[in-house]
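Data block below; observations after.
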Amino acid sequence: MLEIKYMNIKIKICGITQLEDAKAAISMGVDALGFIFYPKSSRYISPSLAKDIIRKLPPFVSKVGVFVNETLEKIQNVISHTGIDTVQLHGNETPEFTKKINVCVIKAFGIKEDFDLNILKKYEANAYLLDTWSETHGGSGKTFNWEIAKKAISVFSNIILAGGLNPTNISELLSNVIPYAVEFNSGVEIKPGIKNHHKMLEAIKIVREWKKI
């Protein structure tokens, strides 16, 4: 059997609204791009604009659509229209709802100090994203207690960590816990929806050079 000595941590840049930022992130070696289809988000992108961006991107990079308490019909329409290959659910979606989606599913959870990790076991998702709890369903730009993340990763191998990650704190996170993937958003921005390419490159470089032995 092949012995795997280390695993590359996957990287997702979320809140893409511009082709320039998407291409830059891909050139820096990210694994996934996130497009937020939640109208109340300051990083909202219309399905039509997302389609225009996605059709100009190279293959082998995952395109993730982010939704909050959206109808199944709307999600399916966006999948068909834009070409996204993964759905990320940030609302109060039920385990039964996630089973009805016919592409890869990431179920996101807002983390408080009293969060019960057993909730994750109820969902048959391809991955679980842990984000800082916010009344606006993510996008707080703040970190949460990484001890909770450590407990989650001890049980689940497909944990994605988000919540205020940036070039100045990603090393500290990885010193404490090694997740399946990390997500950067506000921590690598000039303003909501507009990425800072220098911060993206710095954050990506730190993660890429970190190996799980």
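Some notes on this structure:
- Taking the DSSP bridge list for the chain and keeping only pairs wholly inside it, about 5 percent are antiparallel.
- Alpha-carbon centroids, the range 79-108 and the range 175-213: separation in whole Å: 24
- Relative contact order (%) - criterion: Cα under 8 Å, at least six apart; region: the chain: 23
- Among Ala181, Ala162, Ala24, the largest mean-square fluctuation in a Gaussian network model of the chain (Cα springs under 10 Å) belongs to Ala24.
- Ellipticity estimate at 222 nm from DSSP helix runs (n ≥ 4, -39,500 (n - 2.57)) divided over the chain, nearest 500: -8000 deg cm²/dmol
- Under DSSP loop assignment and at most 14 Cβ neighbours within 10 Å, longest chymotrypsin sites (Phe, Trp or Tyr not before Pro)-free interval of the chain: 61-213
- Prolate/oblate/rounded label for the range 1-142 (Cα gyration tensor, a/c 1.5): rounded
- Neighbourhood net charge (12 Å Cβ-Cβ; Lys/Arg +1, Asp/Glu -1) for Gln88: -2
- Overall form of the range 61-213 per C-alpha gyration tensor (a/c, 1.5; a/b vs b/c): oblate
- Which listed pairs, of Lys63/Lys191; Lys107/Lys205; Lys151/Lys195, have C-alpha distances above 29 Å, in listed order: Lys151/Lys195
- For the peptides 169-179, 84-94, the ranking by mean Cβ contacts within 10 Å, running from highest to lowest, is 84-94, 169-179.
Read-outs: derived from the displayed coordinates by stated rules, not from any lab. In this text, all values refer to a predicted model and were calculated from it rather than measured experimentally. Cβ coordinates were reconstructed from backbone atoms using ideal geometry, including for glycine residues, and neighbour counts include every protein chain displayed.
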